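To start, the structure under review is shown below, and the notes come after it.
The values are calculated or read from the model by the stated rules, or taken from the named source; none is laboratory data. Computed from a predicted structure; not experimentally measured. Reconstructed Cβ throughout: ideal geometry from the backbone, glycine too, with neighbour counts over all protein chains shown. Each accessible area value is taken on the protein alone, full model and side chains, heavy atoms only, with ligands, DNA and RNA left out. Shrake-Rupley method; radii C 1.70, N 1.55, O 1.52, S 1.80 Å.
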Amino acid sequence: MSETPDWVADPAIAWRIVVTAVLTTPLTLDDARDRLVSLQTQQGWPASGRVLTGTDDAELRRRLGDERQGVVSLGLTDDGRRIVVSAHHGRVDGLGLLAVLVAVTGASVTSSARGVGDRPDDAGPMGTIARRLVEVALTPPARIASPSPSTRPDAPDDLDVYVERELSSPVRTAALVLAGARGVTTFNRAHAARRRTRRTRHVAVAIGVARDTSTATISDRSALLRLRDVERLDLGGITAALAQAPTQRPVHGTGGGAGLVTFGLRVLAPRLGSTLLVSHLGNVAADGIDALSFHPVTAGGSGVSLGALTLAGRTRVSLRARGDAWTHDGLEQLLEAVVAEIPS
């Protein structure tokens, strides 16, 4: 059995979702390794997930976000208080990642996320691709303005960049989507002064959702909702659209014509994707964890994802972007623009 599915996707990224937690009680390195081995055995995964150590959880997160080995890998700081868990999204979804965290730490973590159940897809994989191709030709999704030349990395980094902010109150998914779209528009406008930048139109937001949330299954039960022209919507319009939008499933590289599809999607991935990916893990209850943050993948489009979860009434929002295009400071500016647009 291969470690990861043969996804038809951008091969430049590792397709890892990441969670970072601050533990109430330190975890020993031996316990972390033993629990990971036990989990791999239970799940039938190849026993090749790594356990890294270091003094800085931010650096562990950057390394594990680009991990190419194992379904799940861990990073633990030397004091045992901070843990980073990285999982391949072809085997583990966001809620499954919380279940992995439970398995390797012994903490108790649950989410209020309800999922979308058996909501129907709008089209099969090939139909979705066909629609995206028409979209690219006629109304391509808005891109997020890359940082100005003076703020770009002199030496591009293959590792993703992460920034986050903790807010003092809960933030729902619709409000996060609204803030993401408006924050992108504001950010693009601010970076238009030094170059010719068209008005931000056709903002497309992909929202990661789960289908079945009835059990703490460790698997990929994910789907996408995709909203277009989000810059035209208010909070009520986004809320209604999220309740009605059909789902889209990932496209896997199997079946007739898969090679051609794979090649086409790899070439067009930056244009077929959305302006922004948003994924909210809901209102999380945790015993044994003092702080928690979530970082979705950076696939397609602008290669920027916005993650969130609410713990103890406080919401931690994060942005993740590719290091070959973004600096920490540039991504902080985008996060500031997004946070400023979250409805009070």
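Scanning segment 47-57 for residues that are outside any strand (DSSP E or B) and either surrounded by 14 or more Cβ atoms within 10 Å (Cβ to Cβ) or in contact with a Cys (Cβ under 8 Å, 6 or more places away or on another chain) (or both) yields Gly49, Arg50, Asp57. In segment 74-111, the residue that is surrounded by the fewest Cβ atoms within 10 Å (Cβ to Cβ) out of those that are among the polar types (S, T, N, Q) and over 15 Å from Val297 (Cβ atoms) is Ser108.
Every test in (1) among the basic types (Lys, Arg); (2) out of contact with any helix residue (DSSP H, G or I) (no Cβ under 8 Å at 6 or more places or on another chain); (3) modelled with pLDDT of 95 or more; (4) under 21 Å from Leu159 (Cα atoms) is passed by Arg82 save one, and that test is (2). Among the conditions (1) buried (at least 23 other Cβ atoms within 10 Å of the Cβ); (2) closer than 21 Å to Val92 by Cβ, the only one that Ala299 does not satisfy is (1). When we screen Gly183, Gly115 for residues that are assigned to a loop (DSSP other than H, G, I, E, B), surrounded by 14 or more Cβ atoms within 10 Å (Cβ to Cβ) and at pLDDT 75 or above, the only hit is Gly115. Being open to solvent by 10 Å² or more (accessible area, probe 1.4 Å), free of Cβ contacts under 8 Å to residues at least 60 places away in the same chain and either in contact with a helix residue (DSSP H, G or I) (Cβ under 9 Å, 6 or more places away or on another chain) or of a type outside the set (Val, Ile, Thr) (or both) is the requirement here; does Leu277 meet it? In short, no.
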